[in-house]
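Report on the structure given below.
The values are calculated or read from the model by the stated rules, or taken from the named source; none is laboratory data. Computed from a prediction, not measured in an experiment: that's the story for all the values here. FYI the Cβ positions are ideal-geometry reconstructions off the backbone, even for glycines, and counts take in every protein chain you see. The accessibility values were calculated without ligands, DNA or RNA, using every heavy atom of the protein model including side chains. Shrake-Rupley method; radii C 1.70, N 1.55, O 1.52, S 1.80 Å.
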Amino acid sequence: MTSSELWNRATAGRYDAEETEMSSAAVLGPALAFLAELADDGRALEFAIGTGRVGVPLRERGVPVAGIELSEHMAAVLRRKIDEETLPVTIGDMATTVVPGEFTLVYLVYNTITNLLTQDEQVECFRNAARHLGPGGRFVIELGVPPLRFLPPGQVAVPFDVSEQHLGFDTFDLVGQILVSHHFTRDGDDGRYRRCTSRHRYVWPAELDLMARIAGLELERRVADWDGAPFTQDSAKHISVWRKPA
(Lines give C-alpha, C1' and ligand atoms only; values in the text may rest on other atoms or scores of the structure.)
Protein backbone atom coordinates (compact mmCIF):
# COMPACT_ATOMS: atom_id res chain seq x y z
CA MET A 1 0.00 0.00 0.00
CA THR A 2 1.29 3.42 -0.93
CA SER A 3 1.88 6.02 1.77
CA SER A 4 -0.51 8.40 -0.02
CA GLU A 5 -3.51 9.38 2.08
CA LEU A 6 -6.70 7.92 0.62
CA TRP A 7 -9.43 10.36 -0.43
CA ASN A 8 -12.78 9.27 1.01
CA ARG A 9 -16.29 9.63 -0.39
CA ALA A 10 -17.03 12.96 1.31
CA THR A 11 -13.78 14.56 0.16
CA ALA A 12 -14.21 13.28 -3.38
CA GLY A 13 -17.80 14.52 -3.47
CA ARG A 14 -16.86 18.12 -2.76
CA TYR A 15 -13.55 18.20 -4.65
CA ASP A 16 -14.83 19.71 -7.90
CA ALA A 17 -16.85 22.39 -6.10
CA GLU A 18 -13.77 23.44 -4.12
CA GLU A 19 -11.53 23.52 -7.20
CA THR A 20 -13.65 25.62 -9.55
CA GLU A 21 -10.84 28.12 -10.13
CA MET A 22 -8.39 25.36 -11.03
CA SER A 23 -10.98 23.99 -13.46
CA SER A 24 -11.52 27.31 -15.21
CA ALA A 25 -10.62 27.86 -18.85
CA ALA A 26 -8.00 30.41 -17.82
CA VAL A 27 -6.13 27.80 -15.78
CA LEU A 28 -6.82 24.69 -17.85
CA GLY A 29 -6.38 26.16 -21.32
CA PRO A 30 -2.59 26.59 -21.23
CA ALA A 31 -2.13 23.25 -19.41
CA LEU A 32 -4.17 21.35 -21.99
CA ALA A 33 -2.34 22.99 -24.88
CA PHE A 34 1.04 22.16 -23.30
CA LEU A 35 0.13 18.51 -22.69
CA ALA A 36 -1.59 17.99 -26.05
CA GLU A 37 1.50 19.23 -27.88
CA LEU A 38 3.71 16.77 -26.02
CA ALA A 39 1.29 13.87 -26.55
CA ASP A 40 1.37 14.62 -30.30
CA ASP A 41 -0.38 11.71 -32.03
CA GLY A 42 0.24 9.25 -29.19
CA ARG A 43 -1.46 8.24 -25.97
CA ALA A 44 -1.30 10.02 -22.61
CA LEU A 45 -1.36 8.49 -19.14
CA GLU A 46 -2.30 10.60 -16.12
CA PHE A 47 -1.00 9.52 -12.73
CA ALA A 48 -3.51 10.31 -9.95
CA ILE A 49 -6.19 11.35 -12.42
CA GLY A 50 -8.66 12.13 -9.64
CA THR A 51 -12.05 13.40 -10.82
CA GLY A 52 -10.70 14.08 -14.30
CA ARG A 53 -10.11 17.82 -13.99
CA VAL A 54 -7.35 17.59 -16.61
CA GLY A 55 -7.84 14.16 -18.15
CA VAL A 56 -11.44 14.61 -19.28
CA PRO A 57 -10.95 17.88 -21.22
CA LEU A 58 -7.67 16.56 -22.64
CA ARG A 59 -9.56 13.54 -23.97
CA GLU A 60 -12.19 15.88 -25.39
CA ARG A 61 -9.38 17.57 -27.32
CA GLY A 62 -8.77 14.28 -29.09
CA VAL A 63 -5.84 12.96 -27.05
CA PRO A 64 -6.34 9.30 -26.05
CA VAL A 65 -6.04 9.36 -22.24
CA ALA A 66 -5.86 6.63 -19.61
CA GLY A 67 -5.55 7.13 -15.88
CA ILE A 68 -4.33 5.61 -12.64
CA GLU A 69 -6.14 6.64 -9.45
CA LEU A 70 -5.75 5.43 -5.87
CA SER A 71 -9.19 6.53 -4.61
CA GLU A 72 -12.20 4.62 -5.92
CA HIS A 73 -14.36 7.52 -4.74
CA MET A 74 -12.46 10.05 -6.87
CA ALA A 75 -12.65 7.71 -9.85
CA ALA A 76 -16.40 7.32 -9.33
CA VAL A 77 -16.84 11.09 -9.70
CA LEU A 78 -14.82 10.97 -12.93
CA ARG A 79 -16.93 8.11 -14.21
CA ARG A 80 -20.05 10.27 -14.02
CA LYS A 81 -18.41 12.55 -16.61
CA ILE A 82 -17.07 10.05 -19.13
CA ASP A 83 -17.36 6.31 -19.78
CA GLU A 84 -14.70 3.67 -19.23
CA GLU A 85 -14.25 2.88 -22.91
CA THR A 86 -13.51 6.52 -23.73
CA LEU A 87 -11.20 7.11 -20.76
CA PRO A 88 -10.12 3.94 -18.93
CA VAL A 89 -9.02 4.28 -15.30
CA THR A 90 -7.14 1.68 -13.27
CA ILE A 91 -7.48 1.74 -9.49
CA GLY A 92 -4.03 1.62 -7.93
CA ASP A 93 -1.07 3.67 -6.77
CA MET A 94 1.00 5.69 -9.21
CA ALA A 95 4.33 4.30 -8.00
CA THR A 96 3.73 0.65 -8.94
CA THR A 97 0.50 0.18 -10.90
CA VAL A 98 1.05 -0.81 -14.54
CA VAL A 99 -1.52 -0.36 -17.29
CA PRO A 100 -1.39 -1.94 -20.76
CA GLY A 101 0.20 -0.26 -23.73
CA GLU A 102 2.83 2.33 -24.49
CA PHE A 103 2.48 6.09 -24.09
CA THR A 104 4.13 9.17 -25.55
CA LEU A 105 3.22 11.20 -22.46
CA VAL A 106 2.88 10.49 -18.75
CA TYR A 107 1.90 13.46 -16.60
CA LEU A 108 1.36 14.25 -12.92
CA VAL A 109 -0.09 17.66 -12.09
CA TYR A 110 -1.09 19.93 -9.21
CA ASN A 111 1.67 18.95 -6.73
CA THR A 112 0.44 15.36 -6.55
CA ILE A 113 3.85 13.67 -6.46
CA THR A 114 4.10 15.04 -2.92
CA ASN A 115 1.26 12.71 -1.91
CA LEU A 116 3.93 10.01 -1.88
CA LEU A 117 5.45 10.52 1.56
CA THR A 118 8.79 8.76 1.10
CA GLN A 119 11.70 9.38 -1.22
CA ASP A 120 11.73 5.73 -2.24
CA GLU A 121 8.13 5.91 -3.45
CA GLN A 122 8.79 9.12 -5.36
CA VAL A 123 11.72 7.41 -7.10
CA GLU A 124 9.45 4.47 -7.95
CA CYS A 125 6.94 6.92 -9.42
CA PHE A 126 9.60 8.09 -11.87
CA ARG A 127 10.51 4.50 -12.65
CA ASN A 128 6.85 3.71 -13.27
CA ALA A 129 6.55 6.66 -15.62
CA ALA A 130 9.60 5.48 -17.56
CA ARG A 131 8.14 1.97 -17.65
CA HIS A 132 5.08 3.26 -19.51
CA LEU A 133 6.87 5.55 -21.95
CA GLY A 134 7.99 4.63 -25.40
CA PRO A 135 11.37 5.85 -26.73
CA GLY A 136 11.32 9.64 -26.92
CA GLY A 137 8.29 9.86 -24.62
CA ARG A 138 7.98 12.53 -21.93
CA PHE A 139 7.15 12.64 -18.23
CA VAL A 140 5.68 15.94 -17.01
CA ILE A 141 5.30 17.13 -13.42
CA GLU A 142 3.65 20.31 -12.15
CA LEU A 143 4.94 21.14 -8.68
CA GLY A 144 5.24 24.08 -6.35
CA VAL A 145 8.63 25.20 -5.07
CA PRO A 146 8.79 24.63 -1.27
CA PRO A 147 8.16 28.09 0.26
CA LEU A 148 10.88 27.81 2.87
CA ARG A 149 12.16 31.30 2.07
CA PHE A 150 9.07 32.61 3.87
CA LEU A 151 10.07 30.92 7.14
CA PRO A 152 11.72 33.30 9.64
CA PRO A 153 14.12 31.64 12.09
CA GLY A 154 12.19 29.52 14.56
CA GLN A 155 8.90 29.59 12.62
CA VAL A 156 7.42 26.40 11.15
CA ALA A 157 4.19 27.69 9.53
CA VAL A 158 3.50 29.62 6.31
CA PRO A 159 0.01 30.94 5.42
CA PHE A 160 -1.02 30.44 1.80
CA ASP A 161 -4.64 31.64 1.85
CA VAL A 162 -6.53 34.01 4.14
CA SER A 163 -10.00 34.73 2.78
CA GLU A 164 -13.62 34.92 3.86
CA GLN A 165 -14.31 31.27 3.11
CA HIS A 166 -10.94 29.65 3.72
CA LEU A 167 -7.90 29.84 5.96
CA GLY A 168 -4.91 27.79 4.88
CA PHE A 169 -1.37 27.37 6.12
CA ASP A 170 1.44 24.85 5.81
CA THR A 171 3.64 23.55 8.60
CA PHE A 172 7.03 22.01 7.92
CA ASP A 173 9.16 19.19 9.29
CA LEU A 174 12.48 20.34 7.85
CA VAL A 175 14.28 17.12 8.73
CA GLY A 176 11.78 14.72 7.19
CA GLN A 177 10.81 17.05 4.31
CA ILE A 178 7.19 16.69 5.35
CA LEU A 179 4.69 19.47 4.79
CA VAL A 180 1.25 19.43 6.40
CA SER A 181 -1.43 21.59 4.78
CA HIS A 182 -4.07 22.82 7.22
CA HIS A 183 -7.41 23.97 5.80
CA PHE A 184 -10.23 25.71 7.64
CA THR A 185 -13.16 26.07 5.25
CA ARG A 186 -16.38 27.88 6.16
CA ASP A 187 -19.46 25.80 5.28
CA GLY A 188 -22.80 27.55 4.85
CA ASP A 189 -23.84 30.76 6.59
CA ASP A 190 -23.55 29.70 10.21
CA GLY A 191 -19.92 30.77 10.44
CA ARG A 192 -18.64 27.32 11.32
CA TYR A 193 -15.41 26.06 9.82
CA ARG A 194 -14.60 22.55 8.66
CA ARG A 195 -11.02 21.54 9.33
CA CYS A 196 -8.98 19.12 7.27
CA THR A 197 -5.28 18.39 6.90
CA SER A 198 -3.13 16.59 4.36
CA ARG A 199 0.48 15.45 4.50
CA HIS A 200 3.00 15.80 1.69
CA ARG A 201 6.68 15.15 1.09
CA TYR A 202 8.02 18.31 -0.52
CA VAL A 203 10.80 17.91 -3.03
CA TRP A 204 13.17 20.30 -4.81
CA PRO A 205 13.69 20.45 -8.59
CA ALA A 206 17.26 19.17 -8.29
CA GLU A 207 16.08 16.15 -6.32
CA LEU A 208 13.48 15.42 -8.99
CA ASP A 209 16.20 15.56 -11.64
CA LEU A 210 18.19 12.95 -9.74
CA MET A 211 15.10 10.73 -9.47
CA ALA A 212 14.64 11.11 -13.22
CA ARG A 213 18.25 10.12 -13.84
CA ILE A 214 17.79 7.01 -11.69
CA ALA A 215 14.79 6.12 -13.87
CA GLY A 216 16.76 6.66 -17.09
CA LEU A 217 15.09 9.96 -18.01
CA GLU A 218 16.75 13.22 -19.05
CA LEU A 219 15.62 16.76 -18.22
CA GLU A 220 14.38 18.41 -21.42
CA ARG A 221 13.04 21.70 -20.05
CA ARG A 222 11.74 23.43 -16.95
CA VAL A 223 9.44 26.46 -17.04
CA ALA A 224 7.58 28.48 -14.42
CA ASP A 225 4.05 27.88 -15.71
CA TRP A 226 2.01 26.26 -18.47
CA ASP A 227 2.50 29.36 -20.63
CA GLY A 228 6.24 28.69 -20.70
CA ALA A 229 7.53 31.61 -18.64
CA PRO A 230 11.20 31.23 -17.64
CA PHE A 231 11.85 29.41 -14.38
CA THR A 232 13.82 31.60 -11.97
CA GLN A 233 14.79 31.65 -8.30
CA ASP A 234 11.59 33.63 -7.64
CA SER A 235 9.22 31.18 -9.34
CA ALA A 236 6.52 29.75 -7.09
CA LYS A 237 6.19 26.54 -9.10
CA HIS A 238 7.62 24.72 -12.09
CA ILE A 239 6.54 22.55 -14.97
CA SER A 240 9.31 20.04 -15.64
CA VAL A 241 9.63 17.77 -18.67
CA TRP A 242 11.90 14.72 -18.74
CA ARG A 243 12.47 12.65 -21.86
CA LYS A 244 13.10 8.96 -22.29
CA PRO A 245 16.02 8.57 -24.70
CA ALA A 246 15.10 7.20 -28.12
Residue-level accessible surface for His183, protein heavy atoms, 1.4 Å, Å²: 50
Simple spin-label estimate for Asp83 and Arg221 in nanometres, 7 Å along Cα-Cβ: 3.8
Semi-axes of the equivalent ellipsoid for the stretch 172-246, Cα gyration tensor, largest first, Å: 34, 17, 12
Alpha-carbon Rg with Dmax, taken over the stretch 18-79, Å: 11.5, 33
The chain - accessible surface per residue (Å², probe 1.4 Å): 50
Over the stretch 1-143 - Rg/Rh using Cα atoms and the Kirkwood inverse-distance radius: 0.93
Fully extended contour minus Cα-Cα distance, from Phe184 to Thr11, at 0.36 nm per residue: 60.9 nm
Anisotropy class of the stretch 69-193 from Cα gyration tensor, a/c 1.5 cut: oblate
Computed Rg/Rh of the chain, alpha carbon atoms with Kirkwood Rh: 0.95
